[in-house]
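Derivation of every value follows stated rules applied to the coordinates shown; laboratory data play no part. On a predicted model such as this, the values are computed, not experimentally measured, just so you know. So basically every Cβ, Gly included, is an ideal-geometry build from the backbone, and we count neighbours across all protein chains shown.
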């Protein structure tokens, strides 16, 4: 009897990149009923993939999987799962070594083409090669194509409508106003809309909408708690909900307003409309929420022509501290209301 196909997938970080696996996995499982996947990733992301009954999850602790010995021990653990192929969707030193070990054992392996040269051309300060690059979702799909598992990924994800968490605030449960998620934070300052400008957006939208704040980390939670106490109809969701419950709640939003960050991808996976705000990064790099069309507001490149300054938003050229302020709060408000109106009329 032929061995059941079982592809091991490496993607260790970051959260947004891990979330972008979901559209590809959905397409693979729909196209190939016998296919099994083994995802090797950070433990905390497991709830993202609970919808897949043919996916096995292997947690990877970076503190343990380091050095040649640690990587070899981890390889021996993974080899016991007997994958028929390996898809390296991360392509870092750890996965290079793991991939080579599997290759030496006769397992079919392929790695992602990150398009590093094109991304350098897009993000260099001068003489940019100004064109949209391949979306990360399609870079993932290409790896499976080269392994012999071609797949077409739908451009838009279906609404999920997961069960609502039981411990939602009563005022939120009873309200009939639209729910807008807001994810104010990102990994670098160059990707964060100025908080005073965002506060103006929140003050206006909170008049006729319920605003649900998403974030992590003590400073972020502290700031969100300040807003929740200052404005009616604003809720610091992350104070009482774990990550799995947050995913459940996201699936019920009418709109998500997010930076270039993971929450936009998580919302897009649930078929939620996403308004994404871009400062020193840009959708052309291939990391926009998948299937969301052109629902992006970007900083003014005529005034700040070096944008995107990097793929990750970690480079802040002198004089670019206020680039994000070229997106006025009124513009964000108008775009959010327009998207909500389009949704109700469709």
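Panel values: segment 1-127, Kirkwood radius from alpha carbon pairs, Stokes-Einstein at 37 °C and 0.692 mPa s, translational diffusion coefficient 209 µm²/s. In deg cm²/dmol and to the nearest 500, what is the mean residue ellipticity at 222 nm of the chain if only DSSP H runs of at least 4 residues count, each as -39500 (n - 2.57), divided by the residue total? Result for the chain: -10500 deg cm²/dmol, rounded to the nearest 500. To the nearest ten degrees, helix 329-345 and the longest principal axis of the Cα atoms of the chain are 70 degrees apart.
When 172, 35 are arranged by Cβ crowding within 10 Å, least crowded first, meaning fewest neighbours, the order is 172, 35. In the chain the Cα-Cα distances spread across 20 Å bins starting at 0 as 29, 56, 15, 0 percent of all pairs.
Helix 67-79 axis versus longest C-alpha principal axis of the chain: approximately 80°, rounded to the nearest ten. Quick one: grab the alpha carbon gyration tensor of segment 171-345, order the square roots of its eigenvalues as a ≥ b ≥ c, and give me rounded if a/c is under 1.5, else prolate or oblate depending on whether a/b is larger than b/c. Cα axes put segment 171-345 in the prolate bin. In segment 55-127, Rg over Rh equals 1.09, where Rg is the alpha-carbon radius of gyration and Rh the Kirkwood radius from pairwise Cα distances. The distance between label points at residue 72 and residue 219 comes to 4.2 nm (points 7 Å beyond Cα on the Cα→Cβ vector).
From the square roots a ≥ b ≥ c of the eigenvalues of the alpha-carbon gyration tensor of segment 1-56, which class results: rounded (a/c under 1.5), prolate (a/b over b/c), or oblate? Prolate, because a/c is 1.5 or more and a/b exceeds b/c.
Grouping the Cα pair distances of segment 141-253 into 10 Å bins from zero gives a pair-distance distribution of 12, 38, 28, 14, 8, 1 percent in increasing distance order.
Taking R0 as 56 Å, what's the FRET efficiency between residue 3 and residue 207 from their Cβ-Cβ distance, rounded to 0.05? That gives a FRET efficiency of 0.40.
Here 130, 149, 278 are placed in order of increasing Cβ neighbour count within 10 Å, fewest first, which gives 130, 149, 278.
Need one word for segment 248-302: rounded, prolate or oblate. Basis is the Cα gyration tensor (sqrt eigenvalues a ≥ b ≥ c); a/c below 1.5 gives rounded, then a/b vs b/c decides.
The shape class here is prolate.
Specify the angular offset, from 0 to 90 degrees and rounded to the nearest 10, of the alpha carbon long axis of helix 93-104 from the longest principal axis of the alpha carbons in the chain. Once rounded, the angle reads 30 degrees.
In a fully extended conformation the segment linking residue 130 and residue 113 would gain 4.2 nm over its present Cα-Cα distance, using 0.36 nm per residue.
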